[in-house]
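The values are calculated or read from the model by the stated rules, or taken from the named source; none is laboratory data. Quick caveat: nothing in here was measured; it's all calculated off a predicted structure. Positions of Cβ are backbone-derived with ideal geometry, glycine not excepted, and every protein chain shown enters the neighbour counts. With ligands, DNA and RNA removed, areas are computed over all heavy atoms of the protein, side chains included. Shrake-Rupley method; radii C 1.70, N 1.55, O 1.52, S 1.80 Å.
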Amino acid sequence: MLARIGAASVDEFFIDVPPAARNPVMRLPNAQGEIAVHRHLAALAQKNTSAGQSAFFLGAGAYRHHVPASVDHLIQRSEFLTSYTPYQPEIAQGTLQALFEFQSQVAMLLNMEVSNASMYDGSTACAEAAMMAARVTKRRKIVLSGGVHPHYVATVRTACEALGLEVMALPAAIDDEAAVVRQLSNEVAAVIVQSPNVFGTITDLTSVADAARAAGVLTVATFTEAVAFGLIEPAGGYGADIVCGEGQSIGNSLNFGGPYVGLFTTREKYIRQMPGRVAGETLDADGQRGFVLTLSTREQHIRRDKATSNICTNSGLCQLAWTIHMTLLGAAGLTRLARLNHENTLTLADALAALPGVSLLTPRFFNEFALRLSRPAQDVVDQLAARGVIAGVAMSRLDPRAGMDDVLITCATEMNTDEDIAAFARALKEVLA
Amino acid sequence: MAYFYTKDHEWARLEGQNAFCGISVYAVEQLGDVVYVELPEIGRSVKAGEAMAVVESAKAASDVYAPLSGTVIAVNTALAGKPELVNESAEGEGWFVQIQASDPAEQNALMDSDAYQALVKGL
């Protein structure tokens, strides 16, 4: 192998690794018995505060919701767990049917015509949408609003800049999704907007989509909290061309930030440029209803460098959990769940905004909002954590250059009790005093 | 009318300067049911051997190369709604594009029907 790649020795092969980092002496403890190792690791794990041990108000892209025990039970059935995501188009009919139901549910939830079989997470779905828009329009510039989650902006940048696309991210703005309209030109492939955005603001995107369409620009609407669409109009209804985002909040736990499940929908006319695969419904040789992977011929394992995207799989198990949870909820259940979220969030907003040194910045919200504090938000978050309240995410942590060090993004779901909210308000009052 | 073939299984049928082009019956038999054909824009200039279209069946998506150099002057819009035309009539109604050949002498580099059939028999 060394001869083949043109290296004379193993040392030469690793020449780019700094000498100090090459074969360092590992100071590992001696081997121990299983019981001792278990005890040691359990002690390490206890250094973490888990979401369930605290009054927990984190959101900003990952949401703590109740996942019924039946979801975990069903996804671990061997028929689902072992077949996972198929490559052979007709194999694993049960998995294919679950994918088909998932796509139907996602298309209904987001009010769009077609859904793929899922992507890795919301941010990569957003990056794929940007690349797809460039393929559709044959243009090379992507404009993101100041309300798009900074992590999504970073992911779009990573994917697009490697393709030589120009990425313009507008400065962070709590309530100005429409700012992208001022950047429209015949060089722009897509404007990417978010509702509810990273500050929780809900925006009617109709005027953005109308203006973009008139300029030959695709509107990509993203989101981080899918439960919102139990109450508010999804962007499909506003005329967006691609609606994509994070599906974690349905069926999936926080899981330290992943694995999650990206939702990706578009208009039927763009289906050939859509990344990923689709499970289709068909009839088998005996005329019976069956399912088959379709459009996966555009994926990397078949089209290599000419594939529509680098994805050639989907988030199988997370997608299955999503489908099962959504099936258990039903449309009416989702609306009830969304209402519970909103009611708790209203209670939280009332309790916090009444405190001295706190002002509510988000004009229209679902289960998340931004507050301006009289002190740097990260300090406040740290001090509240010491009091057993996980208060939210400081904007400075998501985007240190936003100039919003005093902004805290906080969220309430159906998991927060009145006691949690009272504890948050009490602790915040003390810390700001 | 004379058909000419490439080793990649495209065909061309010259009518004066203009050539109808598509993929051969043999190619379609290998692909199975065609589900989609992605066609070039009218007015695009292509070089012989350049990828100009994509044919997609249930299990594969393949590039289709221009058999002759020239300008695309027409595409078979019927394929958008009825891709199965390619299966039914690969070398007739299932044509892909019409190219105004810039150098009709290029057909001398292609195989005639007999030579192509001999090639296919050997595959």
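See the values below:
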item: Inter-residue pairs, beta-carbon under 6 Å, first assigned by TED's automatic domain parsing to the domain that holds A:F264 and farther than 28 Å from A:G237 by Cβ and in the range A:88-116, second outside any loop (DSSP other than H, G, I, E, B) and open to solvent by 20 Å² or more (accessible area, probe 1.4 Å), 6+ apart; result: A:P89/A:V292; A:E90/A:V292; A:G94/A:E79
item: Single residue of the range A:63-101 satisfying the filter (under 30 Å from A:N341 (Cβ atoms) and of a type in the set (V, I, T)) that is farthest from the other protein chains (Cβ to nearest Cβ); result: A:V67
item: Odd one out for A:L144 among (1) of a type outside the set (D, E); (2) surrounded by fewer than 22 Cβ atoms within 10 Å (Cβ to Cβ); (3) modelled with pLDDT of 95 or more; result: (2)
item: Pairs, first closer than 18 Å to A:V71 by Cβ in the range A:325-340, second outside any helix (DSSP H, G or I) and of a type in the set (K, R), C-beta under 7 Å, six or more apart; result: none
item: Qualifying residue in the range A:60-73 (condition: in a helix (DSSP H, G or I), open to solvent by less than 60 Å² (accessible area, probe 1.4 Å) and within 30 Å of A:S296 (Cα to Cα)); result: yes
item: Given (1) in contact with a Lys or Arg (Cβ under 6 Å, 6 or more places away or on another chain); (2) closer than 16 Å to B:L85 by Cβ; (3) surrounded by fewer than 16 Cβ atoms within 10 Å (Cβ to Cβ), number of the condition B:F20 does not satisfy; result: (3)
item: Residues located in the range A:361-415, provided they are in contact (Cβ under 8 Å) with a residue 60 or more places away in the chain and basic (K, R); result: A:R364
item: Given (1) surrounded by fewer than 22 Cβ atoms within 10 Å (Cβ to Cβ); (2) not in a helix (DSSP H, G or I), index of the condition A:R336 fails; result: (2)
item: Leading residue by the ranking (farthest from A:A107 (Cα to Cα)) among those in the range A:213-237 that are open to solvent by 30 Å² or more (accessible area, probe 1.4 Å) and in a helix (DSSP H, G or I); result: A:A214
item: Residue, nearest to A:G94 (Cα to Cα), within the range A:269-307, restricted to residues that are of a type in the set (S, T, Y) and either away from chain B (no Cβ under 12 Å) or open to solvent by 30 Å² or more (accessible area, probe 1.4 Å) (or both); result: A:T282
item: In the range A:74-93, the residues that are of a type in the set (V, I, T) and assigned to a helix (DSSP H, G or I); result: A:I75
